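Engineer: The structure is given below, and queries will be raised subsequently.
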Amino acid sequence: MSGGRITGPEIERLIQLLARLPGLGPRSARRAALHLIKKKDQLLGPLAEAMQVALDEVRVCSTCGNIDTADPCFICADPRRDPTIIVVVEDVADLWALERAAAVSARYHVLGGSLSPLDGVGPDDLNVAGLIERARDPAVTEIVLAVNATVEGQTTAHYVTDQLAGAAVKVSQLAHGVPVGGELDYLDDGTLAAAIRSRTEF
Ligand code: ZN
């Protein structure tokens, strides 16, 4: 027997929903479902509660586009953050990556994607208007474009820079180069070429 249903409809539904998560295929979803059910008290219950809280309380920050249970989000509301810098990212995942690295103590602006004509993503689909408005705040002196080093990311960076032309802010972007701990021989040609172009004084 193969391909048929292996559980009742309720558990089958749990498996099907888990299989939609990024990184989980049907096989991993079955394993995850079984694990959750076996750990009902330690895992399934707390997870269900956490998901309910997320469902009820998580919202998008109306200032920066981050997600939190408060609006403005905890980052926008944090008085210790440098008010002069706004770091522009494509997605909340990028904001989380920068926060994990404790790279900068500034505030962010989440565009909600990158310009991609092939995928039908145009300027109106991104939160650029909100950024232009924030950049007019006299306290803001620098906009850091922390977008992906992809064609879409760079297209987006050019567009945003054009839109910011009237604002009295410096626009900077992330350096492209050799990763920390990286060996030149292992780098792809594009990274190596970008690293040479953006060399700095020793
Ligand atoms: Zn915010």
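The values are calculated or read from the model by the stated rules, or taken from the named source; none is laboratory data. Small disclaimer: the values here were computed from a predicted structure and weren't measured. Here the Cβ is made from the backbone with ideal geometry for all residues, glycine too, and neighbour counts use every protein chain on show. Areas reflect the complete protein model, heavy atoms only, side chains present, ligands, DNA and RNA absent. Shrake-Rupley method; radii C 1.70, N 1.55, O 1.52, S 1.80 Å.
Engineer: What about residue 107, is it touching a helix residue (DSSP H, G or I) at 6+ places or on another chain (Cβ under 6 Å) and surrounded by 15 or more Cβ atoms within 10 Å (Cβ to Cβ)?
Structural biologist: So residue 107 fails the test.
Engineer: Would you please list the contacts, defined by Cβ atoms under 9 Å and residues six or more apart or on different chains, that run from a residue in segment 67-84 that is within 8 Å of the ligand (Cβ to nearest atom) to a residue that is of a type in the set (Val, Ile, Thr) and open to solvent by less than 30 Å² (accessible area, probe 1.4 Å)?
Structural biologist: Sorted first by the residue in segment 67-84, then by its partner, the pairs are 68/75.
Engineer: Determine, yes or no, whether residue 155 is in the same structural domain as residue 85 (by TED's automatic domain parsing), open to solvent by 20 Å² or more (accessible area, probe 1.4 Å), under 16 Å from the mean Cα position of the chain (by Cα) and over 19 Å from residue 65 (Cα atoms).
Structural biologist: In short, no.
Engineer: Of the residues in segment 3-24, how many are at pLDDT below 90 and surrounded by fewer than 10 Cβ atoms within 10 Å (Cβ to Cβ)?
Structural biologist: Here the count works out to 3.
Engineer: For residue 112, work out the one condition from (1) modelled with pLDDT of 95 or more; (2) open to solvent by 80 Å² or more (accessible area, probe 1.4 Å) it doesn't fulfil.
Structural biologist: Only one criterion is unmet by residue 112, namely (2).
Engineer: When only residues in segment 44-66 that are among the charged types (D, E, K, R) and either within 12 Å of the ligand (Cβ to nearest atom) or under 28 Å from residue 129 (Cβ atoms) (or both) count, which is most open to solvent (accessible area, probe 1.4 Å)?
Structural biologist: Across segment 44-66, the extreme among qualifying residues is 59.
Engineer: What number of residues within segment 115-134 are open to solvent by 70 Å² or more (accessible area, probe 1.4 Å) and either closer than 20 Å to residue 84 by Cβ or of a type in the set (Gly, Ala, Ser) (or both)?
Structural biologist: Matching residues across segment 115-134 total 2.
Engineer: While we're looking at this one, here's another question. In segment 85-104, how many are within 21 Å of residue 133 (Cα to Cα) and either more than 10 Å from the ligand (Cβ to nearest atom) or not assigned by TED's automatic domain parsing to the domain that holds residue 148 (or both)?
Structural biologist: 8
Engineer: Go through (1) at pLDDT 95 or above; (2) open to solvent by 30 Å² or more (accessible area, probe 1.4 Å); (3) farther than 30 Å from residue 138 by Cβ for residue 29 and report which single condition fails.
Structural biologist: Going through (1) at pLDDT 95 or above; (2) open to solvent by 30 Å² or more (accessible area, probe 1.4 Å); (3) farther than 30 Å from residue 138 by Cβ one by one, residue 29 breaks only (2).
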